[in-house]
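Structure first, then comments.
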Amino acid sequence: MTLNEIFDMTWIPILAFALSFCAGVHMLIIGKRPPYLKNKDDNRPLKNEAMYAKTGGRLLIYFALGAAVMCGLLFFNLWMALAEIVAVFLTFSVRWREMEEKYGPIG
C-alpha cells in the first residue's frame, strides 16, 4: 500500500480529527465559544459561558478521538470504522444538544 493510497483512504478522518481537536482545545484554553461555532448574527448571551466552553471542548476532543479511532479501523474493516464513527457522532450529537439546553444561548 503506497502513501497516496493511505492518504486517499484516511483524509476525511484526519481532517475531522484536526478540526475537532483544534476547536476543542481552543474552547478549553480560551474558555469561550469560538466565533466559528455560532451563527453570524447570533449574539445572544450564554447561560454559563465557562461551563459551555469546558463541556463543549471536552465533547469536541471526544469526537476528535473518535475520528482518530476511525482512521485506525479503516485499515482493518471499513464497516467497523463506519459503525464506530456513527456511534460516536450520535453520542456527540445527543450530548451537544444536552449541553446547549443546559448552558446554551438565552432565548
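With the simple spin-label model, which puts each label point 7 Å out from Cα in the Cβ direction, the THR91 to ASP41 separation comes to 3.8 nm. Helical content of the chain, expressed as a calculated mean residue ellipticity at 222 nm, amounts to -26500 deg cm²/dmol (DSSP H runs of 4 or more residues, -39,500 (n - 2.57) each, divided by residue number, nearest 500).
Once Rh is set to the Kirkwood radius over Cα pairs, what Stokes-Einstein translational diffusion coefficient, in µm²/s, holds for the chain at a temperature of 10 °C and a viscosity of 1.306 mPa s?
On the way: Rh = 14.9 Å.
Rounded to a whole number, D works out at 107 µm²/s.
Site pair GLU98 and LEU3 shows an inter-label distance of 4.3 nm when each label is modelled 7 Å from Cα along Cα→Cβ.
What FRET efficiency comes out for ALA50 versus LEU82 if R0 is 25 angstrom and r is the Cβ-Cβ distance? Round to the nearest 0.05. So the FRET efficiency works out to roughly 0.10. Think of each Lys and Arg Cβ as +1 and each Asp and Glu Cβ as -1; about the Cα centre, that makes the dipole of the chain roughly 540 debye.
Quick note: the coordinates plus some simple rules give every number you see, no bench work behind them. Every value quoted in this text rests on a predicted model; they were computed, and no experiment measured them. Don't worry about glycine lacking a Cβ; one is built from the backbone with ideal geometry, like all the others, and counts go over all protein chains shown.
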